[in-house]
Amino acid sequence: MLQYFNDLITFGHDLQVRLKWQQPNDIVHEYAAIWDNRSVFHTATGDHEGFGPRSGNRAVGVGEVPYFDPE
């Protein structure tokens, strides 16, 4: 079962949201992504070479509890 979930995360491209930019610094000036880490798996990819640096900010709530909704 663990292998199934690893494969789902690794190869489930239809389950991904990806931002794609065309010019260096597009991501800084035009795009933003917001997600709820309590219910998603997030990982960065290394396919942005030549488009300038990537950066991110993280905001968290104090006292958050883990979230799980089986439905």
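Bear in mind these aren't lab numbers, they're just calculated from the coordinates by the rules spelled out. Every value quoted in this text rests on a predicted model; they were computed, and no experiment measured them. Counting neighbours? That spans all protein chains shown, and the Cβs are built from the backbone with ideal geometry, glycine included.
Tabulated data for the structure shown
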| quantity | calculated |
| --- | --- |
| Per-peptide average of other Cβ atoms within 10 Å, ordering 2-12, 55-65 highest first | 2-12, 55-65 |
| Estimated FRET transfer efficiency when R0 is 22 angstrom, pair E71-F5 (beta carbons, to 0.05) | 0.75 |
